[in-house]
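Chemist: Mind looking over this structure? Questions follow.
The values are calculated or read from the model by the stated rules, or taken from the named source; none is laboratory data. These numbers were taken from a predicted model, which means no experiment stands behind them. In this analysis, Cβ positions are derived from the backbone assuming ideal geometry, glycine residues included, and neighbour counts consider all displayed protein chains.
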Amino acid sequence: MIRRSFLAASALSLLCAALPAAAQSPVVIKFSHVVAKDTPKGLAADYFADLVAKRSGGKLKVEVYPNSQLYKDGEEMEALQLGSVQMLAPSLAKFGPLGVPDFEAFDLPFIFDDYAELHKVTQGPIGKALFRKLEPKGIVGLAYWDNAFKDFSANKPLKTPADFKGLKMRIQSSKVLDSQMRALGVNPQVMAFSEVYQALSTGVVDGTENPPSNFYTQKMHEVQKFMLRSQHGYLGYAVIVNKKFWDGLPADQRKILDEAMVEATKYANDIAKKKNDEDVEAVRKSGKTTIIVPTAAERLELKKAMAKVHKEHAGRIGAELLQSIYKETGFDPDKL
């Protein structure tokens, strides 16, 4: 009898000891993205994960999966909506196919001349209003992260609109980017980011557009002879989270994530410019890709050739939204 009571007491003691450990199991947040770890987005995602681990005392754990380890860029949005992953940082072009074409304003060529103009939009009321449009899709927007302005690349020199005619060039799935390429006489090819290097190396496509960091880290300089520093369009990301998951978190945990995201966003945007500048130099030093810097006149010619894309998509994106962006940036396609 005494032995049975002792065993029962021991079992109860072990159970009680196990309860706190179980209660302290971290909330796991799977953060999937499609680029390399050493890109601005990859570095910022890891920085965010480290901040969350420290500030939550281990109660929250962000697991980062880079380089399409879990999902390709054509698959990850559905995975988020289904709850298979909790967090993504897709490029802004991904929201058009989701049914929110307002975000394709960011794809319009030459809509931003510099980061100061861009941040008036992403860090102001316009950026917040755009995020609210994602909530009916089961998505909460947390932050905008910069990558950089994009450059064209190909295996022939590109300077003027005439140089683009007849080329096959990879784009993300975006009606605006499709029109941008067609305005230059290009045959656009929608393709997952993870497939681009192979397509370039085998000649399935002739060229593409990328920020320098993506161009270099994906080794596209090995299969592209020329890069035009056109800086014609912006590539940025929205850090988003599954709404059901987010709303189910305790308020104190959401606060930790929000505060870590503010700091990670500053880090992301600071490192983006530095990293892209370094990668331009790395491409140059490789000797495999010739970098062409357009003159002011050549860049203006490209601007004029693509200005009509703004008018073509004003109805889809929203004329009122575009006018509010133009007011912030000073851009006017009618004056080119």
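Chemist: Taking the residues in the stretch 300-315 that are surrounded by 18 or more Cβ atoms within 10 Å (Cβ to Cβ) and touching a Ser or Thr at 6+ places or on another chain (Cβ under 7 Å) as candidates, determine which candidate is nearest to residue 201 (Cα to Cα).
Modeler: Looking only at the stretch 300-315, we keep the residues that are surrounded by 18 or more Cβ atoms within 10 Å (Cβ to Cβ), and these are 302, 305-307, 309-310, 313.
Add one more test, that the residue is touching a Ser or Thr at 6+ places or on another chain (Cβ under 7 Å), and what stays is 302, 309, 313.
Working: 302: 27, 309: 30, 313: 33 Å.
Step by step, filter the stretch 300-315, then rank; the result is 302.
Chemist: When the residues of the stretch 161-185 are narrowed to those that are in a loop (DSSP other than H, G, I, E, B) and out of contact with any Asp or Glu (no Cβ under 6 Å at 6 or more places or on another chain), which ends up modelled with the lowest pLDDT? Steps first, answer last, please.
Modeler: Initial filter on the stretch 161-185 (in a loop (DSSP other than H, G, I, E, B)): 165-167, 172-174, 184-185.
Restricting the remaining residues to those that are out of contact with any Asp or Glu (no Cβ under 6 Å at 6 or more places or on another chain) gives 165-166, 172-173, 184-185.
Values: 165: 97, 166: 97, 172: 89, 173: 85, 184: 98, 185: 98.
Result: 173.
Chemist: Enumerate the pairs (first residue in the stretch 290-302 and under 12 Å from residue 161 (Cα atoms) and charged (D, E, K, R); second residue anywhere and in a helix (DSSP H, G or I) and at pLDDT below 95) with beta-carbon separation below 6 Å, excluding pairs fewer than 6 apart on the same chain, so at least 6 apart or on different chains.
Modeler: Going by the 6 Å Cβ cut-off, there are no qualifying pairs.
Chemist: Across the stretch 203-229, what is the total count of residues that are among the hydroxyl-bearing types (Ser, Thr, Tyr) and surrounded by fewer than 24 Cβ atoms within 10 Å (Cβ to Cβ)?
Modeler: Taking the stretch 203-229 and keeping what is among the hydroxyl-bearing types (Ser, Thr, Tyr), we get 208, 213, 216-217.
In the following step, the residues that additionally are surrounded by fewer than 24 Cβ atoms within 10 Å (Cβ to Cβ) were identified as 217.
Residues that pass the stated criteria total 1.
Chemist: While we're on this one: How many of the residues making up the stretch 321-336 are over 20 Å from residue 123 (Cβ atoms), of a type outside the set (Lys, Arg) and in a helix (DSSP H, G or I)? It would help to see each step written out before you state the result.
Modeler: The initial filter retains those residues of the stretch 321-336 that are over 20 Å from residue 123 (Cβ atoms), namely 332-336.
Pick out the ones that are also of a type outside the set (Lys, Arg) and you get 332-334, 336.
Adding the requirement that they be in a helix (DSSP H, G or I) leaves 333-334.
Number satisfying all stated conditions: 2.
Chemist: Scan the stretch 239-251 and report the pairs whose first residue is within 14 Å of residue 134 (Cα to Cα) and touching a residue at least 24 places away in the same chain (Cβ under 8 Å) and whose second residue is of a type in the set (Phe, Trp, Tyr) and surrounded by 11 or more Cβ atoms within 10 Å (Cβ to Cβ), with Cβ atoms within less than 7 Å and a gap of 6+ or a chain change.
Modeler: As it stands, the answer is 239/145, since those pairs meet every condition given.
Chemist: Considering only the stretch 87-144, how many residues are among the basic types (Lys, Arg), part of a helix (DSSP H, G or I) and farther than 29 Å from residue 300 by Cα?
Modeler: 3
Chemist: Hey, another quick one. Among the helices (runs of 4 or more DSSP H) contained in the stretch 194-254, which hold 1 or more residues that are under 19 Å from residue 42 (Cβ atoms)?
Modeler: Helices (runs of 4 or more DSSP H) meeting the threshold: 196-202, 212-217.
Chemist: Still on this structure, please answer the following. Kindly provide the set of residues from the stretch 267-297 that are surrounded by 13 or more Cβ atoms within 10 Å (Cβ to Cβ) and of a type in the set (Lys, Arg), ordered by number.
Modeler: 273, 275, 284, 288
Chemist: I'm trying to understand the selection: among the residues of the stretch 86-145, which are among the basic types (Lys, Arg) and closer than 26 Å to residue 70 by Cα?
Modeler: Step one: filter the stretch 86-145 for residues among the basic types (Lys, Arg), giving 94, 120, 128, 132-133, 137.
Passing the criteria: 94, 137.
Chemist: Residue 309: under 26 Å from the mean Cα position of the chain (by Cα), closer than 30 Å to residue 43 by Cβ and outside any loop (DSSP other than H, G, I, E, B), yes or no?
Modeler: Working: under 26 Å from the mean Cα position of the chain (by Cα): yes; closer than 30 Å to residue 43 by Cβ: no; outside any loop (DSSP other than H, G, I, E, B): yes.
It is false that residue 309 is under 26 Å from the mean Cα position of the chain (by Cα), closer than 30 Å to residue 43 by Cβ and outside any loop (DSSP other than H, G, I, E, B).
Chemist: In addition: How many residues, within the stretch 1-49, are within 26 Å of residue 249 (Cβ to Cβ), in a loop (DSSP other than H, G, I, E, B) and modelled with pLDDT under 85? If you could, list the steps in order and put the result at the bottom.
Modeler: Keep residues of the stretch 1-49 that are within 26 Å of residue 249 (Cβ to Cβ), which gives 18-34, 41-49.
Now drop any that are not in a loop (DSSP other than H, G, I, E, B), which leaves 24-26, 33-34.
From the residues that got through so far, the ones that are modelled with pLDDT under 85 too are 24.
Matching residues across the stretch 1-49 total 1.
Chemist: Right, next: Here's a check for you: in the stretch 124-178, which residue that is under 30 Å from residue 260 (Cβ atoms) and among the acidic types (Asp, Glu) is surrounded by the fewest Cβ atoms within 10 Å (Cβ to Cβ)?
Modeler: Out of the qualifying residues, it is 135.
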